[in-house]
1. Please specify each residue of region 8-33 satisfying the condition of being basic (Lys, Arg) and either touching a strand residue (DSSP E or B) at 6+ places or on another chain (Cβ under 6 Å) or modelled with pLDDT of 90 or more (or both).
2. Could you tell me how many of the residues in region 34-64 are touching a helix residue (DSSP H, G or I) at 6+ places or on another chain (Cβ under 9 Å) and either modelled with pLDDT of 95 or more or of a type in the set (Phe, Trp, Tyr) (or both)?
Amino acid sequence: MGWSLVSFNVGVELGQLAVVLASIAIVRAIGPRRAVQLERPAGYAIGSLAACWLLQRVLPMICR
């Protein structure tokens, strides 16, 4: 049972590392000036996705 938890945690950490490395690669590819222009739209996209996930989880509990 302990190995399952360890391997799950390692998988999560590797996924996070992949996202960070992909983000760095994108910023280097498009240039820092263009990346700054994309901060606001990216923030809105992330916030919208988070709001959708929140509503998907909360509404079924409220609307019983």
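The values are calculated or read from the model by the stated rules, or taken from the named source; none is laboratory data. Because the structure is a prediction, the values reported are computed rather than measured. Counting neighbours? That spans all protein chains shown, and the Cβs are built from the backbone with ideal geometry, glycine included.
1. ARG28
2. Residues in region 34-64 being touching a helix residue (DSSP H, G or I) at 6+ places or on another chain (Cβ under 9 Å) and either modelled with pLDDT of 95 or more or of a type in the set (Phe, Trp, Tyr) (or both): 0 in total.
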